Amino acid sequence: MEATIVTILALLFLSFVALGVYATVKVAKAAKRGVDRTLDQARRTVEDTTLRAKSFGQAGVAAELAKLRLSLRGSMRATQDALQAGAVEDASLRESLDLFARLSAHGRELDEDLKRLEREPDKAYVAGQLPALTERTERITGSADALRQAARDRARRFAEDDLETLSAQIDVETGALRHWTTTDGRDGREAAAGAEAAQPAWYESTPAPQTQPRAGETPQAITAPDPRATPYPWEKTARPESAG
């Protein structure tokens, strides 16, 4: 019996230790991912700042290469953000993300080529490559811009359709909330007057028959009905009291 209890306690202890190790590893991985993202963002910020300085502070092929890299990086980053944000609510953008992933491979390859040419000492060779590099950049950024704009147009169209449907539902609801306009006030009086005017002629001219008392009977006085005998619709019916 004591051995069983010791075994159970040992298993519980090992389970807690394993759970603690697992939680520690998960926290460490999450922290590492956070640090990596921060470093990547800082590195991109530094690279973008350097490219802007080159595009404005230098002349010639160096400035042209910097402009091409800025255009490529800005277009690809904006498209990636738009597609990832839209795919959260629109599953059809998953295919667009797959296409963008393939386009990103070409974009990274082009960015590496431009980066290598920045270190190329033969400026005449770099100048000869600029037309082809410019065309290549425009093709990639043009495709990225088309994907981004299509995703935004789709999201805007969905928002307009939802707003139109919502407005129609609100119109129906406001009409239902104002139902008294057909029964109260002037509308109600006009409806009553119209109903009275629509009565047939015989209804107005035919006198109501009067009941004559039979011989030997004393006419009874007309008494008003007891209001307690006709409860209002919202009143509960009293339960009969049990005898005894």
(message) Within the range 112-129, take every residue that is assigned to a helix (DSSP H, G or I) and in contact with a helix residue (DSSP H, G or I) (Cβ under 6 Å, 6 or more places away or on another chain) and give me the one that is most open to solvent (accessible area, probe 1.4 Å).
(response) K123
(message) Taking the conditions exactly as written (under 30 Å from the mean Cα position of the chain (by Cα) and at pLDDT below 95), does R154 satisfy them or not?
(response) yes
(message) Condition (residue is assigned to a helix (DSSP H, G or I), at pLDDT below 75 and open to solvent by 90 Å² or more (accessible area, probe 1.4 Å)) applied to the range 53-62: is it met by at least one residue?
(response) yes
(message) Can you confirm whether D81 is outside any helix (DSSP H, G or I), surrounded by 10 or more Cβ atoms within 10 Å (Cβ to Cβ) and either modelled with pLDDT of 85 or more or touching a Ser or Thr at 6+ places or on another chain (Cβ under 6 Å) (or both)?
(response) no
(request) Give the residue, chosen from A144, A191, that is modelled with pLDDT under 90 and either in contact with a Ser or Thr (Cβ under 8 Å, 6 or more places away or on another chain) or open to solvent by 60 Å² or more (accessible area, probe 1.4 Å) (or both). (result) A191
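The values are calculated or read from the model by the stated rules, or taken from the named source; none is laboratory data. Source: prediction; values computed, not measured. We place every Cβ from the backbone using ideal geometry, glycine too, and count neighbours over all the protein chains shown. In case anyone asks, the SASA skips ligands and DNA or RNA and just uses the protein heavy atoms, side chains included. Shrake-Rupley method; radii C 1.70, N 1.55, O 1.52, S 1.80 Å.
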